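Let me begin by presenting the structure, written as structure tokens, before commenting on it.
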Amino acid sequence: MDLNKIITELEEKNPAQPLYIQAAKEVLETIADFIKENPKYEKYAIVDRILEPERIIQFKVTWVDDNGKIHVNRGYRVQHNMALGPYKGGIRFHKSVNVDSMKFLAFEQTFKNSLTTLPMGGGKGGSDFDPTGRSEGEMMRYCQSFMTELQKYIGPETDVPAGDIGVGAREVGFMYGQYKRIRDEHVGVLTGKSLNWGGSLIRPEATGFGSIYFLQGMLAAKNDTITGKRVALSGFGNVAWGAALKLEELGAKVVAISGPDGYILDEDGITGEKVDYMRELLGTRNNVVAPYATKYPNAKFVEGKKPWELKVDVAIPCAIQNELNLDDAKALVANGCQYVVETSNMGCTADAINYIQSQKISFAPGKAANAGGVATSGLEMTQNSMKLSWEREEVDEKLKAIMNNIHENCLKYGTEENGYINYVKGANIAGFIKLADAMIEQGVAY
Ligand code: GLU
């Protein structure tokens with residue numbers, strides 16, 4: 001495989017799509033040697049085929065705000081790859097959403113879903129609609145308008161969306177209601193649903209829980225333990241919340257969370273009711289973390305900064321792509337950080353990852369560390385198919401087993417001669433094998 005040629009062609013074919021190129025490049029660079037050793041993948045042109053999404057849908061979403069003003073937004077669904085199961089992946093409402101971010105997220109999702117070993121293909125959807133400050137009525141009307149178009153392209157055996165940034169259980173409910181109204185079917189077409197009507201226990205916490213289960217694997221691989229570790233999280237949404245809950249339970253100390261406005265440093269630890277308060281903050285839809293320091297005056301709000309300047313043992317980005325750059329990586333390493341667990345999708349820039357790895361710090365890529373969310377969505381789909389609900393313990397055990405298995409696969413394909421575990425390489429190769437073999441077995445269909 002001629003890596004340089006593929007990357008040049010990729011750049012020519014996708015001008016002005018830096019995120020997609022970043023995500024694809026990372027995979028290509030880490031699987032190139034493996035492909036050379038296994039010529040069947042070249043014979044079946046698997047790389048070219050994986051780099052092209054199966055379908056990209058873009059649509060108009062028109063809606064009316066509380067003041068009667070009419071707005072026009074864009075909606076997207078990128079159906080990237082169906083070889084392993086129905087397209088599966090969240091819906092993001094954020095002003096940064098465009099075809100580039102949707103494509104990179106759908107691409108990442110395909111590898112991530114493959115890693116879970118559950119029968120899910122990869123897709124992603126969203127809109128450039130910004131939920132900040134929007135009333136409940138506006139959110140409902142937006143979700144309804146969005147689903148009126150999206151419902152044409154999805155279904156429980158075709159494409160199963162879920163939440164992501166800006167889309168939580170409430171929005172999933174509004175979208176589900178509209179799907180039902182138009183299609184007259186009560187089916188498992190979305191995951192992240194409420195418990196009362198088909199949701200799964202643990203789903204809200206799952207991304208955060210899964211990421212900490214993965215961290216436990218990273219610690220065990222270095223004969224280290226989680227007890228007493230100082231942790232900085234970014235974000236204050238569902239993902240950071242789940243991680244904070246699990247870290248507290250396991251005896252680590254979360255000292256930081258963040259928002260677009262800055263970060264909170266709480267040396268007393270973000271525990272107990274303070275973790276619950278994160279959800280209240282999110283519920284306000286104001287998208288600021290500063291009120292935490294007003295409510296808990298021992299904590300400090302540092303405006304306009306990221307928590308990566310703090311002295312911590314573990315850094316867990318939980319917010320958005322490229323939120324941790326080379327300067328942040330250097331600051332973390334200089335302060336003695338030993339583990340970086342990327343829990344947002346592509347949360348770290350390529351040069352940040354290279355630097356962290358060059359310093360032999362353990363680095364988990366998002367597609368491995370954050371796979372617990374979609375894995376639990378997969379478990380929700382299974383429960384919906386069986387028309388029953390599992391107990392909390394049962395879902396949690398399955399989630400743990402999936403995360404352990406992903407960690408094992410990373411060790412298998414990512415351990416280098418000097419003993420350093422290259423989790424990026426391990427995750428990419430493991431995700432690739434399952435997907436590529438399925439594509440070969442299914443003939444030249446896509
Ligand atoms: N948005 C989540 C992710 O990035 C979850 C997707 C899902 O549950 O389908 O993996």
inquiry  = If I filter region 265-276 for residues that are among the charged types (D, E, K, R) and under 16 Å from PRO204 (Cβ atoms), do I get at least one hit?
reply    = yes
query = Conditions: (1) of a type in the set (S, T, N, Q); (2) farther than 16 Å from LYS367 by Cα; (3) within 11 Å of the ligand (Cβ to nearest atom). SER127 meets all but one. Number of the miss?
reply = (3)
task = Keeping to region 105-129, report how many residues are surrounded by fewer than 24 Cβ atoms within 10 Å (Cβ to Cβ) and either in contact with a Gly (Cβ under 8 Å, 6 or more places away or on another chain) or over 16 Å from VAL72 (Cβ atoms) (or both).
result = 3
Exclusive hit being outside any helix (DSSP H, G or I) and in contact with a helix residue (DSSP H, G or I) (Cβ under 7 Å, 6 or more places away or on another chain), set ASN298, ASN345, ASN322 = ASN345
inquiry  = So in region 346-398, with the set limited to residues that are within 21 Å of the chain's Cα centre (by Cα) and basic (Lys, Arg), which one is farthest from the ligand (Cβ to nearest atom)?
reply    = LYS398
key: Residue satisfying condition, being surrounded by fewer than 22 Cβ atoms within 10 Å (Cβ to Cβ) and among the aromatic types (Phe, Trp, Tyr), within set TRP390, TRP308   = TRP390
request  = Evaluate region 405-426: report whether one residue or more is aliphatic (A, V, I, L, M), out of contact with any Gly (no Cβ under 7 Å at 6 or more places or on another chain) and outside any helix (DSSP H, G or I).
outcome  = no
Residues satisfying the stated conditions in region 148-168, i.e. of a type outside the set (S, T, N, Q), outside any loop (DSSP other than H, G, I, E, B) and touching a strand residue (DSSP E or B) at 6+ places or on another chain (Cβ under 9 Å) = GLU149, LEU150, ASP159, VAL160, PRO161, ALA162, ASP164, VAL167
key: Filter result for VAL189 (surrounded by 16 or more Cβ atoms within 10 Å (Cβ to Cβ), more than 18 Å from VAL61 (Cβ to Cβ) and either modelled with pLDDT of 95 or more or in contact with a Gly (Cβ under 9 Å, 6 or more places away or on another chain) (or both))   = yes
key: Selection from region 399-429 of residues that are closer than 23 Å to MET381 by Cα and hydrophobic (A, V, I, L, M, F, W, C)   = LEU399, ALA401, ILE402, MET403, ILE406
remark   = Among (1) more than 21 Å from the chain's Cα centre (by Cα); (2) among the charged types (D, E, K, R); (3) buried (at least 16 other Cβ atoms within 10 Å of the Cβ), LYS25 falls short only on (1)
inquiry  = Need the failing condition index for GLU342 against (1) touching a Gly at 6+ places or on another chain (Cβ under 7 Å); (2) within 11 Å of the ligand (Cβ to nearest atom), just the number.
reply    = (2)
request  = Could you pull out the residue among LEU105, LEU84, LEU150 that is within 11 Å of the ligand (Cβ to nearest atom) and not hydroxyl-bearing (Ser, Thr, Tyr)?
outcome  = LEU105
query = What single numbered condition from (1) over 18 Å from the mean Cα position of the chain (by Cα); (2) more than 17 Å from GLU342 (Cβ to Cβ) fails to hold for ARG203?
reply = (1)
query = Does ILE91 satisfy the condition of being crowded, with 24+ Cβ neighbours inside 10 Å, within 16 Å of the ligand (Cβ to nearest atom) and aliphatic (A, V, I, L, M)?
reply = yes
query = Hey, among ARG181, ARG134, ARG203, ARG141, which residue is away from the ligand (no atom under 16 Å from the Cβ), at pLDDT 95 or above and part of a loop (DSSP other than H, G, I, E, B)?
reply = ARG134
note = Going through region 145-170 in order, the residues found to be in contact (Cβ under 8 Å) with a residue 60 or more places away in the chain, crowded, with 18+ Cβ neighbours inside 10 Å and either farther than 20 Å from SER344 by Cα or over 21 Å from the mean Cα position of the chain (by Cα) (or both) are SER145, PHE146, LEU150, ILE154, ASP159, VAL160
remark   = Per the filter on region 157-172, residues away from the ligand (no atom under 13 Å from the Cβ) and within 22 Å of GLY372 (Cβ to Cβ) are ARG170
Candidates TYR76, TYR20, filtered to the one that is in contact (Cβ under 8 Å) with a residue 40 or more places away in the chain and touching a strand residue (DSSP E or B) at 6+ places or on another chain (Cβ under 8 Å) = TYR76
task = Could you check how many residues of region 197-256 are surrounded by 24 or more Cβ atoms within 10 Å (Cβ to Cβ), farther than 21 Å from ALA368 by Cβ and of a type in the set (Ser, Thr, Tyr)?
result = 1
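The values are calculated or read from the model by the stated rules, or taken from the named source; none is laboratory data. Note that the structure is a prediction, hence the values are computed from the model and not measured. No Cβ is skipped: glycine too gets one built from the backbone with ideal geometry, and neighbour counts run over all protein chains shown.
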